[in-house]
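Since the structure comes first, as structure tokens, the remarks are kept for the end.
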Amino acid sequence: MALLEVQNLKIYYPIRGGILSRIVGYVKAVDDVSFTVDKGETVGLIGESGSGKSTIGKSILGLVPIHAGTILFDGEDITKHIGKNRSPYRKSVQMIFQDVNSSLNPKKRVLDVIAEPIRNFEKLTKEEERKRVDELLTIVGMSPENAIKYPHEFSGGQKQRIGVARAIALKPKLIVADEPVSALDLSIQAQVLNYLKDVQEELGLAYLFISHDMGVVKHMCEKLTIMNKGRFVESGLSQEIYENPEHIYTRRLLASIPDIDPTKKEENSQKRAVINAEYESENKNYYDENGKVYDLKRITDNHFVAKL
Ligand SMILES: Nc1ncnc2c1ncn2[C@@H]1O[C@H](COP(=O)(O)OP(=O)(O)OP(=O)(O)O)[C@@H](O)[C@H]1O
Ligand SMILES: [Mg+2]
């Protein structure tokens, strides 16, 4: 049984109009997607801005209403637990938020930021709590003295690590990591990714790793799901997708990864031009007459693509 199983999930945001502010239509932010995350594995959810990635992440935490579909965690339908803050589910699943600056309360010391989820679930003495926070800071490579400081005293990379420490405070089974490194410098990105991997090994954690950048997730994810306009265009084992991308949208995302080798600049820009031309000429094979992504079809045991 998968740790997380999402089946036929639909999340539609209402569009209101007119003086009575009636619902005049829906933004289909997530339109019939299914996937699983197994214990201890990392599944990448990749797509451009607005494709619906954060919406899926938030739905797993019960932070947005679901239009249709089911979300099973350890075989249990979690939509029933939404709103029950102290249910075991809320302990097992945590989120690292996309915008670290707004997700860390500036008025709280690091100690209180990290201890907050612990206080919701466990009765620890002040000394026990401080010891746990010190351990968590050490795991993410920060010195325990930082516990008495405030979030603004830290760099982006350090704030992100504080976010990681808070997310792992309750030893969850699954972390939804929403663009955990995209706001960081390249050098620091690698550091935070390494911490995420170390913590994963230590705790047997699973990640749903959200990113717009196929370069960032390359060494993180066993499985990948590529998302476009609220639908999945391709999914399967990372290696198969990197080696043999089938959907034109995936190929375009891959071509947009910047190459650090300056001698390849010309070659890469030519490659991008070819793929962009293909995107136009072969569009009908990948999108129906309304521009909707087709349903996924199996092409090998470990590789699915949404193609005519
Ligand atoms: N609360 C909301 N009300 C109405 N529409 C929303 C709401 N939140 C998101 N949307 C819309 O749903 C779609 C998906 O948004 P979402 O934030 O999930 O995208 P994303 O893939 O996370 O993008 P990004 O990479 O920019 O973070 C977008 O069209 C967005 O405008
Ligand atoms: Mg997002």
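What to note about this one:
- Residues residue 74 and residue 301, FRET efficiency given R0 of 25 Å [Cβ-Cβ distance, rounded to 0.05]: 0.50
- Applying 1/(1 + (r/R0)^6) with R0 = 30 Å to the Cβ-Cβ distance of residue 260 and residue 282 gives a FRET efficiency near 0.50.
- Given charges at beta-carbon only (K, R positive; D, E negative), |dipole| of region 168-291 in Debye: 200
- Taking 78, 162, 46 in turn, the Gaussian network model of the chain (Cα-Cα springs below 10 Å) assigns the largest fluctuation to 78.
- Close Lys pairs in region 201-308, defined as Cα atoms under 15 Å apart and 8 or more places apart or on different chains, number 6.
- Using the rule -39500 (n - 2.57) for each DSSP H run of four or more residues, divided by the residues of the chain, the 222 nm mean residue ellipticity is -10500 deg cm²/dmol.
- For the chain, the relative contact order comes to 20 percent (Cα pairs under 8 Å, sequence separation of at least 6).
- Extreme residue, positive dipole direction of region 4-305, given options 296, 245, 96 (C-beta unit charges): 96
- Ascending count of other beta-carbon atoms within 10 Å, so fewest first, for 192, 64: 64, 192
- Degrees between helix 186-203 axis and first principal axis of the chain (Cα, 0 to 90, nearest 10): 70
- In terms of Cα atoms, the Rg and Dmax of region 4-305 work out to 20.6, 65 Å.
- If only the Cβ of Lys and Arg carry +1 and only the Cβ of Asp and Glu carry -1, the dipole of region 174-242 around its Cα centre is close to 260 debye.
Every read-out reported here was derived from the displayed coordinates using simple, explicitly stated rules and does not represent laboratory data. Source: prediction; values computed, not measured. Please note: Cβ atoms are built from the backbone with ideal geometry, for glycine as well, and neighbour counts cover all protein chains shown.
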